[in-house]
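*Asks:* Handing you this structure, nothing more for now.
Any read-out appearing in this document is the output of simple, stated calculations on the displayed coordinates, not a laboratory observation. All of these numbers come straight from a predicted model, not from anything done at the bench. So basically every Cβ, Gly included, is an ideal-geometry build from the backbone, and we count neighbours across all protein chains shown.
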Amino acid sequence: NAGVMQNPRHLVRRRGQEARLRCSPMKGHSHVYWYRQLPEEGLKFMVYLQKENIIDESGMPKERFSAEFPKEGPSILRIQQVVRGDSAAYFCASSPVGTSGDEQFFGPGTRLTVL
Amino acid sequence: AQRVTQPEKLLSVFKGAPVELKCNYSYSGSPELFWYVQYSRQRLQLLLRHISRESIKGFTADLNKGETSFHLKKPFAQEEDSAMYYCALSAGSARQLTFGSGTQLTVLP
């Protein structure tokens, strides 16, 4: 089991461009979480998805950010019209079907730099 | 809303010395508490959780509801314990984690 995969590992975008971050959960995991880590801060929850459903997006900015987890393929976090403040490390985690005490398995993260 | 506080950004101890990484939380209900660790050039991974009441790599953590704390302790630190440690909380039916800002532990030879 290769673990949670994220790509790209590093992404550079100019202001106004779009950023697409991909996350493939561990085999057998149907729950995906996205977190953002700004410099010198802890990870902040953004969105929680199951296949074809957004369960909780309470941590997502209201504009420019969207996420999906289609029936086939990886989960995608999409940031439109990026701004410098979007520069951060974005982590994806997955867990099997379960309860709030489940361990979450983290990917290596995608470091987004907005020029 | 829940919150996790790790008051120490940096902590250095000598090899063989006891180490305690502090974690305080605020949540009105009964939370699930976790410690995650990130070693250099590795991904974030679970170290331990309070419901398991286990000791991993010599580390233990006890949930103190009166003091709303979940401090991580090890009696004799090793150089390989040097890493970034995050305390995290899962509240109620929500499955997402609320993280503290992390403590960078350095164990000196």
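*Asks:* Given 37 °C and 0.692 mPa s, how large is the Stokes-Einstein diffusion coefficient of the protein assembly as shown in µm²/s, with Rh as the Kirkwood radius over Cα pairs?
*Replies:* 181 µm²/s
*Asks:* Using a 10 Å cut-off on Cβ to Cβ distances, tally the other chain neighbours for every residue of A:43-49 and report the average as a whole number.
*Replies:* Other-chain Cβ atoms within 10 Å of each residue's Cβ, averaged: 4.
*Asks:* Within a 10 angstrom radius of each residue's Cβ in B:88-96, how many Cβ atoms of other chains show up on average? Whole number is fine.
*Replies:* Mean shielding count: 5.
*Asks:* What whole-number value in cubic angstrom gives the convex hull volume per residue for the C-alpha atoms of the stretch A:62-115?
*Replies:* 124 Å³
*Asks:* Another one. Normalised by the number of residues in chain A, what is the relative contact order in percent for Cα pairs under 8 Å and 6+ residues apart?
*Replies:* 36 percent
*Asks:* Now, a different point. For an R0 of 30 angstrom, estimate the FRET efficiency from the Cβ-Cβ distance between B:Asn64 and B:Glu8 and round to the nearest 0.05.
*Replies:* Computed FRET efficiency for B:Asn64 and B:Glu8 comes out at 0.95.
*Asks:* Ranking request for peptides B:32-38, A:25-31: highest mean number of other beta-carbon atoms within 10 Å first, then the rest in descending order.
*Replies:* The peptides rank, most packed first, as B:32-38, A:25-31.
*Asks:* Checking the table A:Lys44/B:Lys65; B:Lys15/B:Lys57; B:Lys22/B:Lys73; B:Lys15/B:Lys74 against a 19 Å threshold on Cα-Cα, which pairs fail?
*Replies:* Too far apart for the 19 Å limit: A:Lys44/B:Lys65.
*Asks:* Taking a cut-off of 14 Å between Cα atoms, list the aspartates and glutamates near A:Lys27, but don't count ones fewer than 8 places away on the same chain.
*Replies:* A:Glu72
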